[in-house]
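What follows is calculated from the coordinates using simple rules that are stated; it is not laboratory data. Note that the structure is a prediction, hence the values are computed from the model and not measured.
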Amino acid sequence: MEHRALGPLSVSILALGSWQTYERIPRADGVAVLNAARDVGITFLETARYNASGPDAPLATGYSEVVFGEIFRASGWPRDEVVLANKLWWEFWPEQSVAEELDASLQRTGIDHFDFIYSDPPPPDVPMQEVVDAVVGLVQAGKVRAWGVVNWTPEKIAEARALSPIQPVAAQLPYSLVFRSMVEDPAMVDAMGPMGVVASAVLAGGALTGKYADGCAGRLSGQLEDARFAAAFAEAERLRARAADLGTSPVALAIQFAARAPRVTSVLLGATSPAQVRENARAVEQ
């Protein structure tokens, strides 16, 4: 699988996320997903402290990290073969510093270090210099090797870049055939400069897979008539027709769109089965 530069790191063109994934499936299935990712050449993995997806989770927040750590160890995947990213949410700031937040994530995962850290938009009352100093401090202390941002505005990205002695190297932003504006906005392009894009939501919540037209269930099953997703479902129909002409799948075309965009470093996808992992990987092999 193709690899691209993420600052000082080299990452696979596909990244495997963990949102609402491993805590919802049996541990053995999670291990199988990681094994499949390793087999197809994915080396960029993301975990984070998400809120519990069900009432029976032993932790209200962060159980996602506990489960990820368990299945990662069970997979036998050598730690030095992957680039592992995590996120700072600033949820308990200032009582919990970013270093303490990171250390808590490491403790829950049982992993000795993360390679890359994303910063979610910080509280609006925190001065940007304070934000930059805190996150850059993680890099300077050797806790991570590089940093980036998630869903920041162009104005905040430009401000952070102007203040930071160690530049953010990527922004994780939603980017799909039906939602291109956030990445392609001239203000964002100018603000990011040489930063790469880690594209999220490339399948528009699953709408672009085309599965809903076949009556399959998914996260959007109860929202098929919601006007917010009308453009995505209409695009899915066009993708199905185009995929049939090309002998491929709507998923492959949607992933290819993001992966081939000039500023995209990696495409973030989730998977709950080895078959999903392999299907996603075939999209970037075509």
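For the stretch 1-70, what class follows from the C-alpha gyration tensor (a ≥ b ≥ c being the square roots of its eigenvalues): rounded when a/c is under 1.5, otherwise prolate if a/b is larger than b/c, else oblate? Oblate shape, in that a/c is at least 1.5 and b/c is the bigger or equal ratio. Taking Asp103, Asp125, Asp112 in turn, the Gaussian network model of the chain (Cα-Cα springs below 10 Å) assigns the largest fluctuation to Asp125. Our summary gives the stretch 1-134 a relative contact order of 22 percent, counting only alpha carbon pairs under 8 angstrom and 6 or more residues apart.
With the Kirkwood sum run over all distinct C-alpha pairs, the chain has a hydrodynamic radius of 19.6 Å. For the stretch 111-175, relative contact order (Cα pairs under 8 Å, six or more residues apart, normalised by length) works out to 38 percent.
In terms of its C-alpha gyration tensor, the stretch 121-206 comes out prolate, because a/c is 1.5 or above and the ratio a/b outweighs b/c.
With each run of n ≥ 4 DSSP H residues scored as -39500 (n - 2.57), what mean residue ellipticity at 222 nm is computed for the chain after dividing by its residue count and rounding to the nearest 500 deg cm²/dmol? Intermediate values should be presented prior to the final figure.
Numbers: 10 runs with 110 residues, N = 286.
Result for the chain, helices only: -11500 deg cm²/dmol.
Determine the distance separating the Cα centre of the stretch 230-280 from the Cα centre of the stretch 77-119; give it in Å without decimals. The distance from the Cα centre of the stretch 230-280 to that of the stretch 77-119 comes to 30 Å.
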